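Q: Attaching a single structure in structure tokens format; questions to follow.
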Amino acid sequence: MDWTQDQLLPYVVHQFADGHKDWLFDGFLFLDFSDGKGRNYAYGYNKDNARKEEWVWLLNRLFEKGKALSALDDCIQREKKELGNPTFQHSVVVGLPIALPKQTDWGVLDGKTLDFNNQADQIKAMTWYVKQLTKRFKKANYKNIKLVGFYWIDEDIATCKKLSIDISKYVHSQNKRMYWIPYWKAKGYEQWKQLGFDIAYQQPNHFFTATIPDSRLDEACQSALSNNMGMEFEFDERALFTHKNSFYNRMKAYIDVFEKHSAFKNSAIAYYSGSKAILEMYKSEDPNDLEIMDRLAKLIVERRSQSK
């Protein structure tokens, strides 16, 4: 998706059934697992790994006028005219392409062809990306969004082992944070702090598979509590009530179980909504979709007022 102002609107502001509006999400994660043309930014999504030219393409896409970061900043500015200034700072976290082991065709940096079999070259490429992105973000001089950190898009440590430790040292030197959302029982998930991350969120991976019982959500909440992790709330376009083989009740289960475990009150929460589930909910005229989004938005708004 291009992520224009209109596409981002239902993520920035929610209009309730009674007509009143409020700010919705206070933070936005921009990440891509692949370039859509057969090159991946983390292991396992495409046959080939992204090269420097795909990393540059991703940077350019993020900073394209009228899309992504620019559109988010403009959307917030536009909505301030009606809602007034928000009582919080809208934050941005950006996904980091991973310098994947065994890759030798990434390209040239500072006159040297990099070989990602060497950790020094992996670190060189990834710190370069952080520098480029941080510099561009500062130059853009956005009015309404703040770059707070970087997201490690490799969801386990099977491929890159402890590479995140060295990258986090550089990210921390730039006064930014490192974020991670490992999948359910991913290798290394319980070592998130030792791996250099400032916060990690527990993926229940419940929504996507109909045969996984709701008890998985209870397990995930308990696991997150034991490991001092946040929680991820997951759904996608199948959550729409009228979707063929609708997973609406699986999304509802997340809300029910998160409420039962007081996650909305006590846990950091990241929201994964597929490619455009919230946008599709916003467009929907089915009262069930409007009802569940009102319920979720009310919890998000209440949570923010409690954290002041």
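The values are calculated or read from the model by the stated rules, or taken from the named source; none is laboratory data. Just so it is clear, the structure is predicted and the values come from calculations on it, not from any experiment. Cβ: placed from backbone, ideal geometry, glycine included. Neighbour counts: every protein chain shown. Surface accessibility is based on the protein's heavy atoms, side chains included, excluding ligands, DNA and RNA. Shrake-Rupley method; radii C 1.70, N 1.55, O 1.52, S 1.80 Å.
Q: Of all accessible surface on the range 161-215 at a 1.4 Å probe, what whole percent is carbon and sulfur?
A: Using a 1.4 Å probe with all protein chains present, the range 161-215 comes out at 49 percent carbon and sulfur.
Q: Taking a ≥ b ≥ c as the square roots of the eigenvalues of the Cα gyration tensor of the range 111-179, is the shape rounded (a/c under 1.5), prolate (a/b larger than b/c) or oblate?
A: Cα axes put the range 111-179 in the oblate bin.
Q: Continuing with this model, one more query. On alpha carbon coordinates alone, what is the Rg over Rh value for the range 35-115, Rh being the Kirkwood radius?
A: 1.14
Q: Using θ = phi - 60° and the Karplus relation 6.51 cos²θ - 1.76 cosθ + 1.60, list the HN-Hα couplings for the range 39-47 in order, rounded to whole Hz, with x at every Gly or Pro.
A: Per-residue couplings from phi come out as 10, 9, 9, 8, 5, x, 9, 9, 5 Hz.
Q: First compute the accessible area of the range 72-151 with a 1.4 Å probe, then give the percent of it belonging to carbon and sulfur atoms.
A: Carbon with sulfur: 46 percent of the solvent-accessible area.
Q: Continuing with the same structure: Along the Cα→Cβ direction, 7 angstrom out, place labels at Gln174 and Leu83. What is the inter-label distance in nm?
A: 2.8
Q: Quick one: if you stick a label point 7 Å off each Cα along the C-beta vector at Ala17 and Arg295, how many nm between them?
A: Result: 1.1 nm between the two label points.
Q: Could you calculate, for the range 1-148, the ratio of the Cα radius of gyration to the Kirkwood radius, expressed as Rg to Rh?
A: Rounded to two decimals, Rg over Rh is 1.06.
Q: Amide H of Ile153: which non-local residues (sequence gap of 5 or more, or other chain) have their own amide H closer than 5 Å, using H built in the peptide plane?
A: Leu96
Q: Find how many whole Å separate the alpha carbon centroid of the range 1-68 from the alpha carbon centroid of the range 195-251.
A: Centre-to-centre (Cα) distance: 21 Å.
Q: Cα atoms only, the chain: Rg and Dmax in Å?
A: Final numbers for Rg and Dmax: 19.6, 61 Å.
Q: Counting only protein chains, not ligands or nucleic acids, how are Thr159, Thr211 ordered by accessible area (probe 1.4 Å), most first?
A: Final ranking, largest accessible area leading: Thr211, Thr159.
Q: Right, here's the next one. At 1.4 Å probe size, with no ligands or nucleic acids counted, give the accessible surface of His261 in Å², nearest ten.
A: Its heavy atoms expose roughly 60 Å² to the probe.
Q: Right, here's the next one. Taking K and R as +1 and D and E as -1, what net charge do the other residues with C-beta under 12 Å from the C-beta of Trp106 add up to?
A: 0
Q: With +1 on the Cβ of every Lys and Arg and -1 on the Cβ of every Asp and Glu, and nothing else charged, how large is the dipole of the range 1-146 about its Cα centre, in debye rounded to the nearest 20?
A: 540
Q: Just to confirm the number: angle between the C-alpha axis of helix 68-83 and the first principal axis of the chain, 0 to 90 degrees, nearest 10?
A: That works out to roughly 30 degrees.
Q: Could you compute the FRET efficiency for Ser275 and Asp110, with r as their C-beta to C-beta distance and R0 at 30 Å, rounded to 0.05?
A: 0.25
Q: How high is the relative contact order of the range 122-266? Use alpha-carbon pairs under 8 Å, at least six apart in sequence, and give a whole percent.
A: 16
Q: With every protein chain kept in place and ligands, DNA and RNA left out, what is the accessible area per residue of the chain? Probe 1.4 Å, answer in Å².
A: 48
Q: Classify the range 171-308: rounded, prolate or oblate, from the alpha-carbon gyration tensor (a ≥ b ≥ c, eigenvalue square roots; a/c under 1.5 rounded; otherwise prolate if a/b is larger than b/c)?
A: prolate
Q: Only Cα pairs under 8 Å and at least 6 apart count here; give the relative contact order of the range 1-92 as a rounded whole percent.
A: Once normalised by length, the contact order is 34 percent.
Q: Also: Could you tally the net charge around Ala239, taking each other residue with its Cβ under 9 Å from the Cβ of Ala239, Lys/Arg +1 and Asp/Glu -1?
A: So the surrounding residues net to -1.
Q: Would you calculate the volume per residue, in Å³, of the smallest convex hull containing every Cα atom of the range 168-229?
A: 79
Q: Right, another one. Just list whichever of Lys80/Lys298; Lys139/Lys162; Lys138/Lys187; Lys80/Lys283 have alpha carbons separated by over 27 Å in the model shown.
A: Lys139/Lys162; Lys138/Lys187
Q: If you don't mind, there's one more thing I want to ask. Relative to the longest principal axis of the chain, what angle (0 to 90°, nearest 10) does the C-alpha long axis of helix 287-306 take?
A: 70
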